[in-house]
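Take a look at the structure below.
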Amino acid sequence: MIKRVYDHLQKQGLLERTIFIIVGDHGQAFGQHHPNNYMHYRYSYNENLEAPAFIFNPISLSQGPLTSPQVM
């Protein structure tokens, strides 16, 4: 689906003016890694806090990828 949006924006000449921001949800904790970790408000474990994010700016491709191992 993302490729279809990308291709459409490219055909319309809008790709250079577009920044893609795609985020995900970390889901629900079900006690797999830590006993009694079933709610988000109880513990600050990684599976409760981390969520994937992807930011893509077609113009900045010539500069190479920029990644950060740190949560901000």
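The values are calculated or read from the model by the stated rules, or taken from the named source; none is laboratory data. This is a predicted model, so every value here is computed, not measured. Neighbour counts run over all protein chains shown; Cβ positions are idealised from the backbone, glycine included. These area figures cover heavy atoms from the full protein model, side chains too; ligands, DNA and RNA do not enter into them. Shrake-Rupley method; radii C 1.70, N 1.55, O 1.52, S 1.80 Å.
For Gln63, indicate whether it is open to solvent by 100 Å² or more (accessible area, probe 1.4 Å), among the polar types (S, T, N, Q), at pLDDT 75 or above and out of contact with any strand residue (DSSP E or B) (no Cβ under 8 Å at 6 or more places or on another chain).
Values: open to solvent by 100 Å² or more (accessible area, probe 1.4 Å): yes; among the polar types (S, T, N, Q): yes; at pLDDT 75 or above: no; out of contact with any strand residue (DSSP E or B) (no Cβ under 8 Å at 6 or more places or on another chain): yes.
No, not satisfied.
Residues being surrounded by 10 or more Cβ atoms within 10 Å (Cβ to Cβ) and modelled with pLDDT under 85: count how many of those fall in the stretch 1-30.
5
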